[in-house]
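The block underneath contains the structure these notes are about, expressed in structure tokens.
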Amino acid sequence: MNWRQMQSATISPSAVGVGAQKGGGPDGVSTSQKPEWVLRSQIRAVGACERSRREGLHYLEADEYANWDALVAVSPQGSLFCTSWWLEALGGEIRTLGYYESGRLIAGIPLYFERRMGVKVCRMPQLTQTWGVVIEPLPGKRVNAAAHEMKILGTFARRLAEERAFIQSFHPSNQNWLPFYWNGFTQTTRFTYVIDDLQDLGRVWDGLEQNSRTKIRKAQKLGLVVKRCGPEAVFNASVQSFERQNKPVPYTREYLERLFDSARENDAGECFAAVDPEGGVHDAVLLVWDSKRTYFLAGGGDSNLRNSGGGSLLVWHCLQFAASRSRVFDFEGSMLEPIESFFRSFGATQVAYNRIMKFPAWLRAGLCLAGKM
């Protein structure tokens with residue numbers, strides 16, 4: 001079943017609404033072929049979304065993705081990684097579970113399924129930073145909006161608790177995971193680094209550590225320049241970075257190229273490399289963005305050229321490039337100490353986000369032993 005066919009699957013009527021019954025999950029859906037649809041139609045305001053008779057939880061059908069994209073655009077938790085074109089580019093078994101009130105789509109969550117150790121696991125795809133529940137801005141007094149949010153999150157938590165295994169990173173703006181805790185999920189805190197205002201690049205430059213500014217000037221004196229490149233240069237640089245950590249690259253070149261091609265088609269991605277006068281690539285990166293944030297998605301550098309300052313020069317160029325596209329720059333963080341200190345040196349602020357999980361104990365132990373957690 002391809003991605004568009006998956007989007008035509010709907011939860012059976014018995015599983016609609018709060019507390020969906022068993023059988024309403026990915027294996028309990030009916031599938032019908034839908035006509036071809038256009039992902040990149042003009043986004044409509046959520047308030048003007050076409051009404052339907054739906055209520056509660058349903059998997060989105062193919063012709064509902066314009067409404068989904070409109071929801072993503074206005075939601076504080078919505079990001080590039082939730083858009084329909086990004087979901088399509090990822091490939092694999094992906095479905096979006098939507099939440100309706102009075103016939104209107106007001107919340108949803110993308111879900112990606114893989115088999116690990118013979119068990120279907122609902123998890124995050126590679127090179128996708130955060131998902132989580134996307135909710136439209138809720139009107140009314142704070143106390144009423146908070147109660148409404150708890151109701152929505154509780155509905156998703158009860159449904160997702162039916163999955164045999166679940167792991168997903170939630171957007172930093174969604175710190176409320178209490179309904180998931182009540183339904184047997186656990187949490188671990190992850191970190192990213194963010195520059196929250198790119199409008200004044202002079203202020204951003206002043207915020208860099210002195211050592212970072214010195215490295216940038218060193219690279220310029222050596223004749224390094226930043227140029228556009230292809231995703232193959234980014235992949236090769238990533239291979240070298242992972243080799244330094246004695247780890248395999250967790251994605252293929254074809255996968256990276258597919259994401260890049262889709263991002264370029266949607267005016268949301270570009271690759272850059274720091275190159276010396278002889279044409280040698282010192283460092284390379286893939287940037288993706290929407291109007292909210294630009295993301296330092298993937299990259300790395302030549303292990304033999306790490307002292308040239310090319311990495312710092314490349315990041316500074318990316319910040320300047322991003323300033324005309326987004327207000328915020330997200331380094332996507334790292335739990336590795338050397339990478340964390342490098343990102344922090346650009347004056348970025350540490351931002352926490354939640355990784356939400358639910359595994360049988362035996363599967364968690366097996367995945368940890370296999371290095372898959």
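Taken together, the values in this text are just the output of simple stated rules run on the coordinates, not laboratory data. Computed from a prediction, not measured in an experiment: that's the story for all the values here. All Cβ positions, glycine included, derive from the backbone under ideal geometry; neighbour counts span all protein chains shown.
A few comments on the model shown:
- Charged side chains reduced to their Cβ positions (Lys and Arg at +1, Asp and Glu at -1) give the range 211-281 a dipole of some 600 debye around its Cα centre.
- Inter-part distance where the range 302-357 and the range 175-202 are each reduced to a Cα centre, Å: 17 Å
- Charge-dipole axis of the range 62-205 as Lys and Arg at +1 and Asp and Glu at -1 on Cβ define it, positive-most pick from ALA62, TRP86, THR192: THR192
- Proximal aspartates and glutamates to LYS221, defined as alpha-carbon separation beneath 16 angstrom and excluding residues fewer than eight positions away on the same chain: ASP276, GLU278
- Sites ASP261 and LYS221 - FRET efficiency at Förster radius 25 Å, r taken between beta-carbons, to 0.05: 0.10
- The percentage of C-alpha pairs in the range 203-304 whose separation is greater than 19 Å is 51%.
- Sorted into 10 angstrom bins from 0, the C-alpha pair distances of the range 198-256 split as 18, 27, 36, 19 percent.
- The range 106-172: trypsin sites (Lys or Arg not before Pro) in DSSP loop, at most 12 other beta carbons within 10 Å: LYS141
- Computed magnitude of the charge dipole of the range 266-350 (debye, nearest 20; Cβ of K, R +1, Cβ of D, E -1): 340 debye
- Placing a label point 7 Å from the Cα of SER291 along the Cα-to-Cβ direction, the residues of the range 127-160 whose backbone N falls under 15 Å of that point are 137.
- Rg and Dmax [Cα atoms of the range 267-334; Å; Rg one decimal, Dmax integer]: 12.2, 37
- Using θ = phi - 60° and Karplus 6.51 cos²θ - 1.76 cosθ + 1.60, couplings along the range 189-196 (whole Hz; Gly, Pro as x): 8, 10, 9, 10, 10, 9, 9, 8
- For the range 139-229, the spread of Cα positions along the three principal axes, ordered from largest to smallest, is 58, 37, 25 Å.
- Amide N of the range 181-216 lying under 20 Å from the label point, which is placed 7 angstrom from the Cα of ASP276 along Cα→Cβ: 214-216
- 3J(HN,Hα) along the range 241-252: 5, 5, 4, 4, 8, 6, 10, x, 5, x, 9, 8 Hz, from the Karplus curve 6.51 cos²θ - 1.76 cosθ + 1.60 with θ = phi - 60°, whole Hz, x for Gly and Pro.
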